[in-house]
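The values are calculated or read from the model by the stated rules, or taken from the named source; none is laboratory data. Predicted model only: the values in this text are computed from it and were never measured. Cβ coordinates were reconstructed from backbone atoms using ideal geometry, including for glycine residues, and neighbour counts include every protein chain displayed.
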Amino acid sequence: MQPPPTAPDPRLRQILEFGPLLVFLAAYFWFRDTVVTLGGVDYAGFIIAIVIFTPLQLAATLIMRRLTGKLSRMQVATLVLVVVLGGITVALNDERFFKMKSTFVFGIFSLLLWIGLARGRSYFAYVLEGALPISHDGWMILTRRLAWFFAAVAVANEVIWRNFSTDVYVLWDTLGQMGVMFGFFISNYRLIETHWQEPDET
């Protein structure tokens, strides 16, 4: 019987989680004024960046799966949408599909969280598999706030990609979304602290 996978080094985990996004950001600004012609079709820099990012994201997720022995349901759902929408974007040479990625991701997550809340359950706790030792009431409050937050991010993504330049969208899709997610959880630290429960040692 093989021993269970050990937790990866935190620095390696950060590289795997955020590296592909940063590579996408760098690739876009490197190739944004470049046009590549393949089979008589012109591909702009944004499409080239997607061609680089999509397999890199897939590889990073598979490496994370091998190191940790599992993936969260949120990671799996996000990867599927990245691969599907990235593939459609390249196949049709239409950047709009990939730009709607975050709309679908956050919109679907918000909808699922609201469905769980309507049933008296926190699907967020289910997705995280109880990673935070907080009470049921704490999970429900945090989930409700997160459902509203995800809906707001989905709307913001639609507003940004439809009304601003691709440069602005790429910055939002990489650095902006990471920033607002970080800000959301920091802003809820008092809620988590209030409902914190020490794990049962037994």
**Request:** Pick out the one residue from ILE134, ILE108, ILE88, ILE52 that is aliphatic (A, V, I, L, M), touching a residue at least 24 places away in the same chain (Cβ under 8 Å) and either touching a Cys at 6+ places or on another chain (Cβ under 9 Å) or not assigned by TED's automatic domain parsing to the domain that holds GLN197 (or both).
**Result:** ILE52
**Prompt:** Do you know which of the residues in the range 165-199 that are more than 21 Å from ALA151 (Cβ to Cβ) and among the charged types (D, E, K, R) is nearest to the chain's Cα centre (by Cα)?
**Reply:** ASP167
**Prompt:** On the given criteria, is THR6 out of contact with any Lys or Arg (no Cβ under 8 Å at 6 or more places or on another chain), at pLDDT below 85 and loosely packed, with under 15 Cβ neighbours inside 10 Å?
**Reply:** yes
**Asked** Can you spot a residue in the range 45-65 that is at pLDDT 90 or above and within 18 Å of ASN157 (Cα to Cα)?
**Response** yes
**Request:** Please give the helices (runs of 4 or more DSSP H) falling wholly within the range 51-166 in which 3 or more residues are touching a Leu at 6+ places or on another chain (Cβ under 7 Å).
**Result:** 101-118, 136-163
**Prompt:** Out of all the residues in the range 21-44, is one or more in contact with a strand residue (DSSP E or B) (Cβ under 7 Å, 6 or more places away or on another chain) and assigned to a loop (DSSP other than H, G, I, E, B)?
**Reply:** yes
